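Structure first, commentary second.
None of the figures in this text is laboratory data; all of them are computed from the coordinates on show. Please read these numbers as outputs of a predicted model, since none were measured by experiment. Please note: Cβ atoms are built from the backbone with ideal geometry, for glycine as well, and neighbour counts cover all protein chains shown.
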Amino acid sequence: MSIDGSAERRKQPPQTQTPSTGNGNCGISSMSLTNRLRLNPNKEHKPDSYDDLHQLEFSPLLFSSLERYLPPTMLNGSRDLKLQYMRDILLRYSSESERTRVQRHREYRQKIISHYQPVHKELYTMQAAQFFVPSFLKAINENTEDSFRSIMAEPAPGIYTFEMLQPYFCELLLSEVETFERWVIETNFRIMRPNTMNRYGCVLDDFGLETMLDKLMEDFIRPMSRVFFPEVGGSTLDSHHGFVVEYGTDKDAELGFHVDDSEVTLNVCLGKQFSGGELFFRGIRCDKHVNSETQSEVR
């Protein structure tokens with residue numbers, strides 16, 4: 001299983017003016033004249049949840065994350081006010097083609113969720129005590145660099161290994177994925193694979209696990225990435241791509257050299273009886289050569 005967490009690159013909204021609504025309240029867009037987004041997030045602010053708003057053009061978690069950047073005068077405003085202000089900014093800086101792509105993917109995902117019947121419904125909401133080992137939960141609750149390092153090894157700079165998931169959770173997840181794959185075959189439903197490199201596997205978000213993985217990223221991964229990856233936005237991760245890929249003699253045998261399209265990646269080795277499964281890291285590539293071919297001298 002892999003979860004790629006990303007931090008959205010945000011731009012400052014242009015200064016546009018909206019006339020008064022006529023009832024003593026200024027229009028939301030006019031706030032950009034005196035209320036600019038903060039350069040750095042307010043880490044003490046607890047944002048509203050937007051999970052119940054299913055018709056949004058963007059991820060609910062994105063709104064919760066962006067809320068920390070709102071000017072101080074808006075932080076205690078109503079959720080509707082903040083939502084309208086943030087939505088206006090996001091729509092201003094996202095292309096129509098991107099919004100169309102997101103909408104089509106949402107419709108594709110909804111079609112799966114409305115037909116696929118989960119077998120382990122307890123997987124679909126975060127249950128920390130059942131999902132995580134005690135040592136991991138203790139480190140998260142203490143929420144300090146020392147507590148995180150106490151459960152970790154660092155085999156190479158910037159690469160951390162630690163025990164995280166209960167066997168119970170891993171067994172349920174494997175069973176759910178296997179059931180979903182059987183459903184795909186039986187219904188002849190054409191699904192999107194996790195990436196262009198793997199022919200086997202599935203995107204966990206696409207059949208209902210998005211909300212649980214949002215909580216995993218927000219409450220359990222982001223506290224650690226805030227400490228260990230601050231230079232790439234580790235404290236402001238607000239989207240993820242959670243998926244499982246499958247390897248075997250009759251499936252994909254390996255995954256070649258590549259660069260993850262994410263700021264932070266969590267890799268989990270899942271399986272029953274198998275050999276292999278090693279994961280190799282070759283370092284960090286600069287922005288100019290992220291997608292260039294690997295050379296024989298690269299180690």
inquiry  = What whole-number distance in Å separates the alpha-carbon centres of region 266-289 and region 245-260?
reply    = 10 Å
Residue-averaged 222 nm ellipticity for the chain, from DSSP H runs of 4+ at -39500 (n - 2.57), nearest 500 = -9500 deg cm²/dmol
inquiry  = On a full-extension model of 0.36 nm per residue, what is the gain between residue 111 and residue 187, subtracting their alpha-carbon distance, rounded to one decimal in nm?
reply    = 26.1 nm
query = Where a Cα-Cα gap under 25 Å defines reach, which lysines qualify for residue 121, not counting those fewer than 8 residues away within the same chain?
reply = 111, 215, 272
ask   = Along region 146-159, what does the Karplus equation 6.51 cos²θ - 1.76 cosθ + 1.60 (θ = phi - 60°) give for ³J(HN,Hα), rounded to whole Hz, x for Gly and Pro?
value = 4, 5, 5, 5, 5, 10, 10, 10, 10, x, 8, x, x, 10
request  = Could you work out the Kirkwood radius for region 201-258, taking every pair of different alpha carbons, averaging 1/r and inverting it, reported in Å?
outcome  = 13.3 Å
message = Averaging over every viewing direction, what projected area does the convex hull of the Cα atoms of region 209-299 cover, in nm²?
response = 8.0 nm²
ask   = What is the Cα radius of gyration of region 137-190 over 2.2 N^0.38 Å, N being its residue count?
value = 1.77
query = If only Cα atoms are counted, what is the Rg of region 118-275, and what is its Dmax, in Å?
reply = 16.4, 50
key: Label point distance in nm, residue 51-residue 159, each placed 7 Å from Cα along Cα→Cβ   = 3.4 nm
note = Residues meeting the amide H criterion for residue 264 (H placed from the backbone, H to H distance under 5 Å, 5 or more places apart or on another chain) are 5
request  = Could you tell me which of 160, 180, 144 has its Cα farthest along the dipole of the chain towards the positive end, charges placed at Cβ (Lys, Arg +1; Asp, Glu -1), taken about the Cα centre?
outcome  = 144
request  = Using just the alpha carbons, could you tell me how many Å³ per residue the convex hull of the chain encloses?
outcome  = 171 Å³
message = On C-alpha positions alone, give me the angle between the axis of helix 96-115 and the longest principal axis of the chain, in degrees, nearest 10.
response = 60 degrees
task = Return the distance in nm (one decimal) between the two label points of a simple spin-label model at residue 137 and residue 43, each offset 7 Å from Cα along Cα→Cβ.
result = 2.6 nm
ask   = Can you tell which of 110, 166, 273 shows the greatest fluctuation in a Gaussian network model of the chain with Cα springs below 10 Å?
value = 273
note = Label model pair residue 268, residue 122: point-to-point distance (7 angstrom along the Cα→beta-carbon line) in nm is 1.5 nm
query = Considering only the other residues whose Cβ falls under 14 Å of the Cβ of residue 224, what net charge follows from Lys and Arg at +1 and Asp and Glu at -1?
reply = -4
remark   = The ³J(HN,Hα) series, computed from each phi in region 230-241 with the Karplus coefficients 6.51, -1.76 and 1.60 at θ = phi - 60°, rounded to the nearest Hz and given as x for glycine or proline, is x, 6, 10, x, x, 8, 10, 4, 9, 8, 8, 10
query = What is the antiparallel percent of DSSP beta bridges lying wholly in the chain, to the nearest 5?
reply = 95 percent
note = Sorted by chain and then number, the residues having a modelled amide H within less than 5 Å of the amide H of residue 165, at least 5 places away or on another chain, are 133
